[in-house]
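Asker: My questions all concern the structure below.
The values are calculated or read from the model by the stated rules, or taken from the named source; none is laboratory data. Fair warning: this is a prediction, and the values are worked out from it, not measured in the lab. A quick note on method: Cβ atoms are made from the backbone with ideal geometry, for glycine too, and the neighbour counts reach across all protein chains shown. Each accessible area value is taken on the protein alone, full model and side chains, heavy atoms only, with ligands, DNA and RNA left out. Shrake-Rupley method; radii C 1.70, N 1.55, O 1.52, S 1.80 Å.
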Amino acid sequence: MKKFLLTITYFIIPLLVLFLFVEFKLRTINSEYEKKQKGLVEKSSEIEILILGNSRSDNGLNPTFFSKPAYNLAYGSQTILYDKQLVLKYLPILKKLKHVVLSLDYHSLSSGYLQERDFFYYHYFDINVKNKNFIKEKLSYFFYVYTPKISITLLKENKNVKMVNGWSGHDSSISSRLTERYGKERAQSFDLAINQSRKTKEYIEVQKEYEDLIRFLNENKITPIITTAPCNKPFTQFLDEKNIQYNLEFIQKMKRKYNLVYLNSLNDSAFNVSDFYNNDHLNKKGAEKYTKKIDSLIIKQ
Amino acid sequence: MLFNSLNFAIFLPIVFILYWFVTKSNLKAQNILLLASSYFFYACWDWRFMFLLVFSTILDYYTGIKIYESNNKKRKLLWLWISIGINLGFLGVFKYYNFFASSFADALSVFGIKTNLSTLQIMLPVGISFYTFHGLSYVIDLYKDRIKPERNFIDYSLFVSFFPLLVAGPIERATHLLPQIKKSRNFDLTKSIDGLRQILWGLFKKIVIADNCAEFANEIFNNSAHYSGSTLLLGAVFFTFQIYCDFSGYSDIALGTARLFGIDLLRNFAFPYFSRDIAEFWRRWHISLSSWFKDYLYIPLGGSKGGMWAKIRNTFIIFIVSGFWHGANWTFIVWGFLNALFIMPSIIFNTNRNNLNIVAQGRYLPTINEFFAITKTFFLAVLAWIFFRATNVTHAFEILSKIFSKSIISAPSFKGSANSFPILILLVIFNIVEWLGREQQFAIANMGLNWKRPIRWAFYYVIIFAIIYFGGKEQNFIYFQF
């Protein structure tokens, strides 16, 4: 038995050392969440326009093209539930805030909690939407915050993305991702998620939270700018008209009740294929166009 | 609690340490600890079904004693049927009620009779098919005077509920497991290290091969209407490896875990995809179930005695029942029927015991004939697995009709196919390792034993890294649903 335990111990030690090293590296990795949070606090005294929402706003709205100081706090898959918490948390330090840009994209009303990204909002923004204890995640980033596969990719790449006012953007287009095939697949995956979400309570909760946030902004004399980002035709042609109509009805209802501005650019012909990074995200060139459009709306206001 | 979960990785060392350090050399304490751990292991799934497990254990323990003590043959038979009836009754309600209700309603609707038979929202208690068969073999063996009843309730309960085999087998026999439970067990270094190696290989099969093949098989089977015959055939091949590595991986972990406690379980798989005919395949696939059906169904039905027609009839019966055992769906029944059909030539021409030895024993490569025989058998197994995996029989026939169409002559392409190349490479490596280890109990049983320690350990580290790298979410084992 002694020999067995000793052998097992010797065998495990190298694994344990490697595991601890990887854990340390993962905990000190460059995080875009961290950069966004730090940048926001740094610039909080001057920000007049705050951009929230998902990857379409994260990629598509470049704060430098607004005529007033702006900051991009949108992030991939960020839903209205997190947008609301971010506003509640940071509004006290955003003294000059006048406008908040919110996403209302095809899938926005069906996107609620983010199981796998909850931890990042907790860790970097101190936001805990589900009041979880995150014991597992705190114990091991390798197994529970990321998957081993993602961890290895992260450690290999360890990208240090340059961000200006919370924005980095994509330089060019991935032509292979601009095809009808990918457009159809992407649209189908959204439809599947929307249909599944409609069967849950979360679907109602998202709309309620959306309205709560608009009301809260109005009460604090901040104008919500609701945007539907432009997407490439090979993608938009496969979207379900019923879902699009549902979103429009929701926004009309909000417009009747609250002071807000809405810009629907989903099928805006001003955007062509060279403006897209992939079928549903803009690149830097497209982001400039899109930001300027929203900026002109704000100026009109 | 899944074998491939962190919970099990914590549970197993705790039980192991308590077993060898706290209850050391006290057989009674060791068995109580193993039984308590087994009940805890089972309760982690759903504690409510514990009652069913305990009831089934008490039933067979009690009826077993009654069968043995009855002097009257009729009374013996009565106790036997009480046990069989209640055991199969539970299985029928929990596993087959909805199938019979809907099939009956469908059959009546053919004659224009509409029925209002409602199906029930019943959750299948995990492992019910396995522990029911443990109990049945025990009472049948008692009735046939093959064994004496176990008077120690703890020992008997452990025979039924020993956690490595509780939820997905191997289906043990009282004659094999009970004597081991009753004998004092001392720590055996070689056996324990062998057990750990088998656990490692089982995890590799499950996490690296089965779970990755599942990703592609699911995509192809779930969207079969969009794919060509060649892609569907590739999907069936992915499923063929998925089910083998999933189930035999589970069995390897079960056998390895039991070895850590000084107990040898029945072997469940013996490299079935290297079989030269379907008869050999069935001697190597899910061995504990095949032999159960042989001993408790085929032989009581008359077996091979009574002429060719009886032999054919009995073969069809055990294969169809075996299919039905897997689940309440016509796909499993057709799968069983198809296997019976495939085995028929060797039954009719009496060649079913032609390949009793290990293929290419003592050689690196098979002969050309052996190679073609293995390929043919593998292809037949792939065809049958299509029924096993398909949503319904119509779905299976749609897939088959595409496979046997012109679209078979095209390059396979499916969503995510670009990511499938590393898995195909892994499958090739896996098959080479399995081929090299085919004369052993499991593929890496002897692999590296003569290598220097750093090289041997490096080999194990590579397997561990592969398991960690490919391990995503904890995936259930397919056979848990049976």
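Asker: Among the residues of the range B:445-466, is there at least one that is free of Cβ contacts under 8 Å to residues at least 12 places away in the same chain, under 24 Å from B:Gly249 (Cβ atoms) and in contact with an Asp or Glu (Cβ under 9 Å, 6 or more places away or on another chain)?
Answerer: yes
Asker: Further question on the same structure: So, of the residues in the range A:163-191 that are buried (at least 18 other Cβ atoms within 10 Å of the Cβ) and part of a helix (DSSP H, G or I), which turns out to be nearest to the chain's Cα centre (by Cα)?
Answerer: A:Phe190
Asker: Residues that are more than 14 Å from chain A (Cβ to nearest Cβ), surrounded by 16 or more Cβ atoms within 10 Å (Cβ to Cβ), more than 17 Å from B:Gly249 (Cα to Cα) and in contact (Cβ under 8 Å) with a residue 24 or more places away in the chain: does the range B:409-428 have at least one?
Answerer: Yes: the range B:409-428 contains one or more residues that are more than 14 Å from chain A (Cβ to nearest Cβ), surrounded by 16 or more Cβ atoms within 10 Å (Cβ to Cβ), more than 17 Å from B:Gly249 (Cα to Cα) and in contact (Cβ under 8 Å) with a residue 24 or more places away in the chain.
Asker: Mind listing whichever residues of the range A:75-111 are of a type in the set (A, V, I, L, M, F, W, C) and either touching a residue at least 60 places away in the same chain (Cβ under 8 Å) or at positive phi (or both)? Outline the logic, then answer.
Answerer: Narrowing the range A:75-111 to residues of a type in the set (A, V, I, L, M, F, W, C): A:80-81, A:86-88, A:91, A:93-94, A:97, A:100-102, A:104, A:109.
Scanning the range A:75-111 gives A:Ile80, A:Leu81, A:Val87, A:Leu88, A:Leu91, A:Leu97, A:Val100, A:Val101, A:Leu102, A:Leu104, A:Leu109.
Asker: Does the range A:70-78 include one or more residues that are in contact with a His (Cβ under 8 Å, 6 or more places away or on another chain) and not acidic (Asp, Glu)? Even if it seems obvious, please write down each step before you answer.
Answerer: So in the range A:70-78, the residues in contact with a His (Cβ under 8 Å, 6 or more places away or on another chain) come out as none.
Scanning the range A:70-78 turns up no residue that is in contact with a His (Cβ under 8 Å, 6 or more places away or on another chain) and not acidic (Asp, Glu).
Asker: Which helices (runs of 4 or more DSSP H) sit wholly inside the range B:153-243 and have at least 2 residues that are within 14 Å of chain A (Cβ to nearest Cβ) and polar (S, T, N, Q)?
Answerer: Values: elements: B:153-161, B:163-166, B:174-182, B:189-203, B:211-222.
Helices (runs of 4 or more DSSP H) meeting the threshold: B:189-203, B:211-222.
Asker: Has the range B:137-149 got any residue that is in contact with a helix residue (DSSP H, G or I) (Cβ under 9 Å, 6 or more places away or on another chain) and closer than 22 Å to B:Ser37 by Cβ? It would help to see each step written out before you state the result.
Answerer: Taking the range B:137-149 as the starting set, the residues that turn out to be in contact with a helix residue (DSSP H, G or I) (Cβ under 9 Å, 6 or more places away or on another chain) are B:137-143, B:145-149.
Those still in the list that are closer than 22 Å to B:Ser37 by Cβ too: B:138.
Scanning the range B:137-149 turns up at least one residue that is in contact with a helix residue (DSSP H, G or I) (Cβ under 9 Å, 6 or more places away or on another chain) and closer than 22 Å to B:Ser37 by Cβ.
Asker: Still on this model: Name the one entry in B:Phe337, B:Phe332, B:Phe316 that is modelled with pLDDT of 90 or more and open to solvent by 50 Å² or more (accessible area, probe 1.4 Å). Explain how you work it out, then say what you get.
Answerer: Details: B:Phe332 fails: open to solvent by 50 Å² or more (accessible area, probe 1.4 Å); B:Phe316 fails: open to solvent by 50 Å² or more (accessible area, probe 1.4 Å).
Exactly one of B:Phe337, B:Phe332, B:Phe316 is modelled with pLDDT of 90 or more and open to solvent by 50 Å² or more (accessible area, probe 1.4 Å), namely B:Phe337.
Asker: Please indicate, with yes or no, whether at least one residue in the range A:46-57 is open to solvent by 20 Å² or more (accessible area, probe 1.4 Å), away from chain B (no Cβ under 14 Å), in contact with a Pro (Cβ under 9 Å, 6 or more places away or on another chain) and at pLDDT 95 or above.
Answerer: Taking every residue of the range A:46-57 in turn, at least one turns out to be open to solvent by 20 Å² or more (accessible area, probe 1.4 Å), away from chain B (no Cβ under 14 Å), in contact with a Pro (Cβ under 9 Å, 6 or more places away or on another chain) and at pLDDT 95 or above.
Asker: Can you find a residue that is touching a Leu at 6+ places or on another chain (Cβ under 7 Å), away from chain B (no Cβ under 14 Å) and open to solvent by less than 40 Å² (accessible area, probe 1.4 Å) anywhere in the range A:3-16?
Answerer: Quick first cut of the range A:3-16, residues touching a Leu at 6+ places or on another chain (Cβ under 7 Å) only: A:3-4.
Subsequent filtering for residues that are away from chain B (no Cβ under 14 Å) retains none.
Among the residues of the range A:3-16, not one is touching a Leu at 6+ places or on another chain (Cβ under 7 Å), away from chain B (no Cβ under 14 Å) and open to solvent by less than 40 Å² (accessible area, probe 1.4 Å), which makes the answer no.
Asker: Pairs please, first residue from the range B:302-327 and touching a residue at least 24 places away in the same chain (Cβ under 8 Å), second anywhere and of a type in the set (S, T, N, Q) and in a loop (DSSP other than H, G, I, E, B), Cβ atoms under 6 Å, 6+ apart in sequence or on different chains.
Answerer: Every condition considered, the pairs that remain are B:Lys311/B:Ser304.
Asker: Right, B:Val208: at pLDDT below 95 and in the same structural domain as B:Phe41 (by TED's automatic domain parsing) or not? Break it down into steps so the answer makes sense when it comes.
Answerer: Working: at pLDDT below 95: yes; in the same structural domain as B:Phe41 (by TED's automatic domain parsing): no.
So B:Val208 does not fit the description; no.
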